[in-house]
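Let me begin by presenting the structure, written as structure tokens, before commenting on it.
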Amino acid sequence: MPFHRSPLRTLTALGAALFTTLAGAQGWPSKPITLVVPFAAGGPTDVVARLLGGAMTTSLKQTVVIENKTGAGGTIAAGAVARAAPDGYTFLIHHNGMGTAPSLYRKLTYNPLTDFEYVTQVVDVPMTLLGRKDLPAKDFKELLAYLKANAAKVNLAHAGLGAVSHLCGMLFRQAIGVELTTVPYQGTGPAMNALLAGQVDLLCDQTTQTTQHIKAGSVKLYGVTTLQRLKTLPDAPTLAEQGLPGFQVVVWHGIYAPKGTPKEALDKFGAAIKAALKDPAVGPKLAELGAITVSDDKLTPAGLQTWLQAETQRYAPVIKAAGQFAD
Ligand code: ASP
């Protein structure tokens, strides 16, 4: 028997179609947006994401949900976002790891240069070399002597191959010529907890997490990883000025979306990030934690894309030369 739609069913179907069209016309965002953080909650990348996400939830009138997707130095999260639906509701915040992973991982499940849409860079963040509070070395000079004498028993925490804490630790290890045992965590949030509990000896991490612990005196600070001293920690000497000339690791952050994400979502998410950086509840807080807002040309999709390309090329020979990076 042929199927005949009743007039009521036809009206209901028409109504549903009309509703869908209207909802679409209302534009993006019409539901919560996920911002994926590739490391554990409480760490420095997470701190930046949550500060931004809070302000963006207000300006976009939709919740920006922070999802911590940990593992393999940030590559699990980047791979998941590369494969997520490009519907404008999944974004990724990541750091230098986007540029180092292709050289560090033989089997990467995504290509940072072709599998993403680029939204914007965000902030640059310096790092600090820290020791547990009761480490016998009271300054950098004593630390070097201590490490040389105790290399076998000293360990350094990090957030996995591809994490900046690992990169910084390896560069430090290389610069002083001492082999240290490394201990991986799912992010430097848990690595910091281990340092505070005295379970590990050293950690190199962003000021967006470490500033509070340095100011509270709950860790030992041996130096900062910028060439100039920081305004936020003016008494802290740089590693460069303490005998490691040129030692510099600055963490840059970018916002990405799966390839094919609608332009409207990319543009509006980017605009909301920029507004969040200027928000009086966010900008000054980030600055207090040592973060530096990048110049306007970097606060663009092209600014991020060009930077990532350059960083990917810059790291490739460095990582190749330092075979121990793939440990
Ligand atoms: N600081 C971390 C890193 O070493 C990641 C984090 O937990 O934010 O890459």
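If you take every DSSP beta bridge whose two residues both sit in the chain, what share of them, in percent to the nearest 5, is antiparallel? So the antiparallel bridges amount to about 60 percent of the total. Here the Gaussian network model covers the chain, with springs between Cα atoms less than 10 Å apart; of 248, 206, 313, 313 fluctuates the most. Kirkwood's formula applied to the C-alpha pairs of segment 182-327 gives a hydrodynamic radius of 18.0 angstrom.
For residue 238, the residues 5 or more places off, or on other chains, whose built amide H falls under 5 Å of its own are 224. Each residue of segment 195-207 is assigned a 3J(HN,Hα), and the resulting list reads 5, 5, 7, x, 7, 10, 9, 10, 8, 10, 8, 5, 5 Hz, derived from the Karplus form 6.51 cos²θ - 1.76 cosθ + 1.60 (θ = phi - 60°), x at Gly and Pro. Based on DSSP H segments of at least four residues, each scored -39500 (n - 2.57), the chain has a per-residue ellipticity at 222 nm of -13500 deg cm²/dmol. Take the Cβ atoms of residue 235 and residue 175, set R0 to 22 Å, and the FRET efficiency comes out at 0.45. Comparing 213, 253, 158, which has the greatest mean-square fluctuation in the GNM of the chain with Cα pairs linked when under 10 Å apart? Taking springs between Cα atoms under 10 Å, the residue moving most is 213.
Counting other Cβ atoms within 10 Å, keep those with at most 10, restrict to DSSP loop, and tell me which trypsin sites (Lys or Arg not before Pro) in segment 239-310 are left. Could the numbers behind the result be given before it?
Numbers: sites: 259, 263, 268, 274, 278, 285, 298; in loops: 259.
Sites meeting the loop and neighbour criteria: none at all.
One way to sum up the overall shape of segment 201-260 is the equivalent ellipsoid from its Cα gyration tensor, whose semi-axes run 25, 16, 11 Å, largest first. For residue 294, nonlocal amide neighbours, meaning residues 5 or more places apart or on other chains whose placed amide H falls under 5 Å from its own, are 124. Counting every C-alpha pair in segment 134-188, the share spaced more than 15 angstrom apart comes to 49%. Computed from phi, the 3J(HN,Hα) profile of segment 41-51 under the Karplus parametrisation 6.51, -1.76, 1.60 (θ = phi - 60°) reads 4, x, x, x, 5, 4, 4, 4, 4, 5, 5 Hz, with x in place of Gly and Pro.
The alpha-carbon atoms of segment 91-239, seen along their principal axes, cover 48, 34, 27 angstrom, with the largest extent given first. 3J(HN,Hα) along segment 95-101: 10, 3, x, 5, x, 8, 3 Hz, from the Karplus curve 6.51 cos²θ - 1.76 cosθ + 1.60 with θ = phi - 60°, whole Hz, x for Gly and Pro.
Summarising the label geometry, the points placed 7 Å from Cα in the beta-carbon direction at residue 105 and residue 153 lie 3.7 nm from one another. Straight-line reach from residue 31: taking Cα to Cα under 18 Å and skipping same-chain neighbours fewer than 8 places apart, the aspartates and glutamates in range are 67, 87, 264, 267. By the count of other C-beta atoms within 10 Å, a proxy for reagent exposure, 210, 181, 261 are ordered fewest to most as 181, 261, 210.
Along each principal axis, taking the top coordinate minus the bottom one, the Cα set of the chain gives 89, 43, 37 Å in descending order. Need one word for segment 22-94: rounded, prolate or oblate. Basis is the Cα gyration tensor (sqrt eigenvalues a ≥ b ≥ c); a/c below 1.5 gives rounded, then a/b vs b/c decides. Judged from the Cα gyration tensor, segment 22-94 comes out oblate (a/c at least 1.5, b/c at or above a/b).
Taking the Cβ-Cβ separation of residue 285 and residue 83 as r and a Förster radius of 45 Å, what is the calculated FRET efficiency to the nearest 0.05? The formula returns an efficiency of 0.85 here. Specify which residue in the list 262, 122, 192 is farthest towards the positive end of the charge dipole of the chain, using unit charges on the beta carbon of Lys, Arg (+1) and Asp, Glu (-1), about the Cα centre. Farthest along the dipole direction, towards plus: 262.
Length gained on full extension, residue 197 to residue 275: 24.3 nm, using 0.36 nm per residue less the C-alpha separation.
Computed log10 I(q)/I(0) for segment 60-171 at 0.12, 0.14 Å⁻¹: -0.58, -0.72, from the Debye equation with unit scatterers placed on every C-alpha and solvent omitted. For residue 259, the lysines whose Cα comes closer than 18 Å to its Cα, not counting residues fewer than 8 places off in the same chain, are 268. Ordered by the number of other Cβ atoms lying within 10 Å of each residue's own Cβ, fewest first, 87, 297 fall into the sequence 297, 87.
Length gained on full extension, residue 310 to residue 218: 29.4 nm, using 0.36 nm per residue less the C-alpha separation. Across 122, 65, 164, mean-square fluctuation computed from a Gaussian network of the chain (C-alpha pairs under 10 Å connected) peaks at 65. When the listed pairs 133/215; 148/215; 69/274; 69/298; 278/298 are checked against a 18 Å cut-off, the alpha-carbon distance exceeds it for 148/215; 69/274; 69/298.
Read-outs: derived from the displayed coordinates by stated rules, not from any lab. Keep in mind that this is a model prediction, so the values were computed, not measured. As a convention, Cβ positions derive from the backbone with ideal geometry for all residues, glycine included, and neighbour counts pool all protein chains shown.
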